[in-house]
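Worksheet: the structure to be examined is printed underneath.
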Amino acid sequence: MPELPEVEVVRRGLERWVSGRTVAAVEVLHPRAVRRHESGPRDFADRLLGRRLAVPRRRGKYLWLPIEETGTPRGAGSPTLSLLAHLGMSGQLLIQPAGTPDERHLRVRISFTDEGPGELRFVDQRTFGGLSLHPCLPGEADGLPDVMAHIARDPLDPAFDEDAFPTALRSRRTTVKRALLDQTLISGVGNIYADEALWLARLHYERPTATLTRPRVSELLAGVREVMAAALQAGGTSFDSLYVNVNGESGYFERSLNAYGRAGLPCRRCAATMRRDPWMNRSSYWCPGCQRPPRARPAVTRRPGTGIRSA
DNA sequence: CTTTTCACCTGAACGC
DNA sequence: TGCGTTCAGGTGAAAA
């Protein structure tokens, strides 16, 4: 289940093995893998052919390779087209020597004009992920695809707005975990690292965002960064065997997880028995000892002219 | 406009 | 053994 750290590991792999290479052939083995490319698989392949891929970029869980302009000096101007990749639940980008037997769930193969280390393969069992080509937002030097305009900056982005985040989170009328998973508010956080960050910040996932003070939100953000930094340090982590990094090596990190997957086990901080709650067709893992559930409050109604009163 | 729900997908694990 | 059910969960369209 790739979240930001895993995607960053893949980005680094692509930077090393794919940057600067020219596309020689594109084979789409499953049309669903390029469904976000609206002009279809044929157009996807045609547009990539003969183009050179620039240094990959990332925002949250999205990864893209700007297409270098042809006929202009390298580095001149901003890119106008980018190859966007999202790994979804089970996507992998693999570098494989030509001739390596196809993976069972191989969806797209991109080969290059040079000898190089091999071809780029997009493998995805559940086909939630995919590849697509998009125009870039004008003026974006990084070639940000236009379809990503609504994706917030992630907490490892130097341009992430520290001051605006607590205000924005507190103004959402929802609960704190929902807010963490809202990619238009903060990107890159998925179910696993959300639970980890909440555990670090001693916050229950159902805490209404409006009840958090700005300092508490900042602590939570620090928790998000801490768990992401640790995962990145460990080489991008996911214990789901479906996740493999760009070179095909699995990343494993479960020993470092304090909340996710630990139902029935003692909390590493207070020794209380960890719990798993069904939550939005998913799971939330939490410690009843140090992440106190919010007290059930009476419903609050707003009436024009009378301010806020309890029902 | 904001917030919530649900379809999309496959395969491992599990219960009977 | 085999069959049906549950679970995993990011995204965005649709609904509320």
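For A:SER19, enumerate residues with amide H under 5 Å from its amide H, sequence gap 5+ or separate chain, H modeled in the peptide plane.
Under 5 Å from the amide H of A:SER19 lies no amide H from a residue far enough along the sequence or on another chain.
May I ask you to derive the FRET efficiency for A:THR70 and A:ASP182 from their Cβ-Cβ distance with R0 = 22 Å, giving the value to the nearest 0.05?
0.05
Normalised by the number of residues in region A:19-71, what is the relative contact order in percent for Cα pairs under 8 Å and 6+ residues apart?
Answer for region A:19-71 is 36 percent.
When the scattering of region A:4-148 is computed by the Debye formula from its Cα atoms alone, each counted once and equally, what is log10 I(q)/I(0) at q = 0.10, 0.21 Å⁻¹?
At q = 0.10, 0.21 Å⁻¹ the computed log10 ratios are -0.29, -1.50.
What figure, in Å² to the nearest 10, do you get for the accessible area of A:VAL147 with a 1.4 Å probe and non-protein molecules left out?
The accessible area of A:VAL147 comes to roughly 70 Å².
With r as the distance between the Cβ atoms of A:LEU137 and A:GLU27 and R0 = 45 Å, compute the FRET efficiency 1/(1 + (r/R0)^6) and round to 0.05.
Here the calculated transfer efficiency is 0.95.
Scale the Cα Rg of chain A by the rule-of-thumb value 2.2 N^0.38 Å and send over the ratio, two decimals.
So the Cα radius of gyration is 1.11 times the expected 2.2 N^0.38 Å.
If eta is 1.002 mPa s and T is 20 °C, what Stokes-Einstein diffusion coefficient results for region A:1-82, Kirkwood Rh from Cα pairs, in µm²/s?
Estimated via Stokes-Einstein, D reaches 154 µm²/s.
Quick one: which residues, 5 or more positions from A:MET89 or on another chain, have an amide H under 5 Å from its amide H? H modelled 1.01 Å from N in the peptide plane, none for Pro or chain starts.
Amide H neighbours of A:MET89: A:PHE128, A:GLY129.
Whole-Hz Karplus ³J(HN,Hα) for region A:35-41, in order, using 6.51 cos²θ - 1.76 cosθ + 1.60 and θ = phi - 60°, x for Gly and Pro?
Coupling constants for region A:35-41: 5, 7, 8, 5, 7, x, x Hz.
With each pseudo-label sitting 7 Å past Cα toward Cβ, what's the A:ALA230-A:ARG16 distance in nm, one decimal?
2.5 nm
Output ³J(HN,Hα) for region A:148-154: one whole-Hz value per residue in order, computed from phi by the Karplus curve 6.51 cos²θ - 1.76 cosθ + 1.60 with θ = phi - 60°, and x for Gly and Pro.
Listing the rounded values in order: 9, 4, 8, 7, 5, 5, 8 Hz.
Residue by residue, what Karplus-based ³J(HN,Hα) values in Hz, rounded to whole numbers, does region A:115-130 have, using 6.51, -1.76 and 1.60 with θ = phi - 60° and x for Gly and Pro?
Computed from phi, the couplings for region A:115-130 are 5, x, x, x, 9, 9, 10, 9, 10, 7, 5, 8, 6, 7, x, x Hz.
Take the Cβ-Cβ distance between A:PHE160 and A:ARG269 as r, set R0 to 35 Å, and report the resulting FRET efficiency rounded to the nearest 0.05.
Details: r = 28 Å, r/R0 = 0.79.
In this case the efficiency is close to 0.80.
What's the Kirkwood radius of region A:172-222 in Å, using all Cα pairs?
One decimal place: 10.7 Å for the Kirkwood radius.
Report, to the nearest whole %, how much of the accessible area of chain A belongs to carbon and sulfur atoms, 1.4 Å probe, protein only.
On the way: 7380 of 14940 Å².
Taking all protein chains in place, chain A shows 49 percent carbon and sulfur surface.
Given H placed on each backbone N at 1.01 Å, which residues far from A:GLY188 in sequence or on other chains put an amide H within less than 5 Å of it?
Here A:LYS61 satisfy the definition.
The values are calculated or read from the model by the stated rules, or taken from the named source; none is laboratory data. Because the structure is a prediction, the values reported are computed rather than measured. When we count neighbours, we look across all protein chains shown, and the Cβ atoms used for this are built from the backbone with ideal geometry, even at glycine. The protein model used for the area step is the full one, side chains on, heavy atoms only, and it has no ligands, DNA or RNA in it. Shrake-Rupley method; radii C 1.70, N 1.55, O 1.52, S 1.80 Å.
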